[in-house]
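Any read-out appearing in this document is the output of simple, stated calculations on the displayed coordinates, not a laboratory observation. What you see is a predicted model, and the numbers here were worked out from it, not measured in a lab. So basically every Cβ, Gly included, is an ideal-geometry build from the backbone, and we count neighbours across all protein chains shown.
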Protein chains: 2
Amino acid sequence: MSRASDQAYANIRSLILAGDAPPGTQLTEAQLADICGVSRTPVRDALRRLEAELYIVRSDSQRVFVADWSREEVDEMFTLRGMLESHAAARAARRMTPNRIAELVAANARIEAAIEPDVPDVATFLECNRLFHAIIIEVAASPRLSTILAALVEQPVVRRTAARYGRAELARSAHEHGELIQAFIAADSDWAQAVMSGHIRRAFHAFNKVA
Amino acid sequence: MSRASDQAYANIRSLILAGDAPPGTQLTEAQLADICGVSRTPVRDALRRLEAELYIVRSDSQRVFVADWSREEVDEMFTLRGMLESHAAARAARRMTPNRIAELVAANARIEAAIEPDVPDVATFLECNRLFHAIIIEVAASPRLSTILAALVEQPVVRRTAARYGRAELARSAHEHGELIQAFIAADSDWAQAVMSGHIRRAFHAFNKVA
DNA sequence: TGCAAGACTATTGTATACCAAATCCGTTCG
DNA sequence: CGAACGGATTTGGTATACAATAGTCTTGCA
């Protein structure tokens, strides 16, 4: 994707996530083009992507509205992510290399460093957590899985989840990453799958915790 | 999607599936617009869809090439479809209504009628089979699951699979549908999930059979 | 002759303007 | 009060032009 299209995508997405465009709001291409300072062409590209990721829905007459993520839908998101990402972990366990394991170790070391202080460095946690999971998906070497998971792992959801983790839960998350690494070293796909499954499911409950 | 865009999508897809554009071929928007008799705009829409469904890949400079589906990728496709569609069956089992069950029964009756003659009516089989699975996914009531599965259930793959079914296998497929219906009547999600899982996996082996 | 720099070409991304078709909404009339 | 009509909105599509960039080819130099 290119500049204007990316910019439109990011702008519109943040409009939705910031709540400036609450669920049900109608979005028109012209209006969005105006807001983003680009023409309708890249806006249309951006809307297609947002539609695929279910940020927006289209009426039967193709008009665009901000989607409403119900609690049940978020649940389903985590369920699907758990199924697919634990499958990715199993595949990755069969394809893991020492170099990649070293990268995972490095990423998790940075995570542990980030949660060490009294005030955890959430930005670093998020960045390294994203990297950790991205490496696993990459090693899984399944283009389709990558495509699907990309549309399923919404960073804002991850952020909100991490924001609800206390220090103990952040540490436990890092510990689970450590166990995943052990499973990869052992090349034990069942183990990797099980750990990842629990890892995602626990994130769901953290997300659901009343803030 | 609309007329010109759909037409472009169908045209390009058939180009690829018919082998007129073998894997690795570069496709350009202008050329495709010419072939399809539409302008670049709907072609671009179509290319985005085809990219999401992995029919095409983009180089680092965004140029478009026909993708190559390796045997392993088809395997992974069936695996993912098995996971997700059996999950859909489980959800559907918890949400099934008598009306929807009646629709499933009707669809499967047409399937059984289609495979009865000496020369099975494959077109009807495919249409009713598609409908049967579509009803289940619809009853599962998960927009995300629907979106993902839509990109995963490639009709050409289904067609090729059915083409390799002999009469006995077609009958067995219909029988499995019957068992799914039983599971839905019993509202037994585990049963539905298990049957669907085997149903998809067996399709994979039929697909893989040397023709 | 081999190679590299630069010119040229091809292709995509974007903007803009415009039209057609479908749809929505407000108004008016029965 | 409700329904039908008509204008306003909105999207889908076409056409064209231009910028940016990547790929290709040519040519000149060592």
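Quick notes on this structure:
- Distance (nanometres) between label positions extended 7 Å along Cα→Cβ at A:Ala106 and A:Ala168: 3.4 nm
- Cα shape, the range A:158-211, gyration tensor, a/c 1.5 rule: prolate
- Dipole in debye (nearest 20) - the protein assembly as shown, about Cα centre, beta carbon charges: Lys, Arg +1; Asp, Glu -1: 220 debye
- Vicinal HN-Hα couplings computed from phi for the range A:45-60 (Karplus, 6.51 cos²θ - 1.76 cosθ + 1.60; Hz; Gly/Pro x): 4, 4, 5, 4, 5, 5, 5, 4, 8, 6, 6, 10, 10, 10, 6, 4
- Nitroxide proxy distance, nm - points 7 Å out along Cα→Cβ at B:Ala141 and A:Asp118: 5.0 nm
- Under 5 Å from the amide H of A:Leu27 lie the amide H atoms of A:Val64, A:Phe65, A:Val66, each residue being 5 or more positions distant or on a separate chain, with H modelled from the backbone and absent for Pro and chain starts.
- The range A:104-154 shape via C-alpha gyration tensor axes, a/c threshold 1.5: oblate
- FRET E, pair B:Arg40, B:Val74, Förster distance 30 Å, beta-carbon r, rounded to 0.05: 0.45
- Scaled to the globular estimate 2.2 N^0.38 Å, the Cα spread of chain A, given as radius of gyration, is 1.11.
- Computed extension length for A:Ala18-A:Ser59: 12.5 nm, one decimal, from 0.36 nm per residue of separation with the Cα-Cα distance subtracted.
- Prolate/oblate/rounded call for the range A:57-167, Cα gyration tensor, a/c under 1.5 rounded: oblate
- As a proxy for reagent exposure, ranking A:Ser14, A:Ser86 by other Cβ atoms within 10 Å from fewest up yields A:Ser14, A:Ser86.
- Per-residue Cβ neighbour rank within 10 angstrom, fewest leading, B:Arg91, A:Arg58, A:Arg13, A:Arg164: A:Arg58, A:Arg164, A:Arg13, B:Arg91
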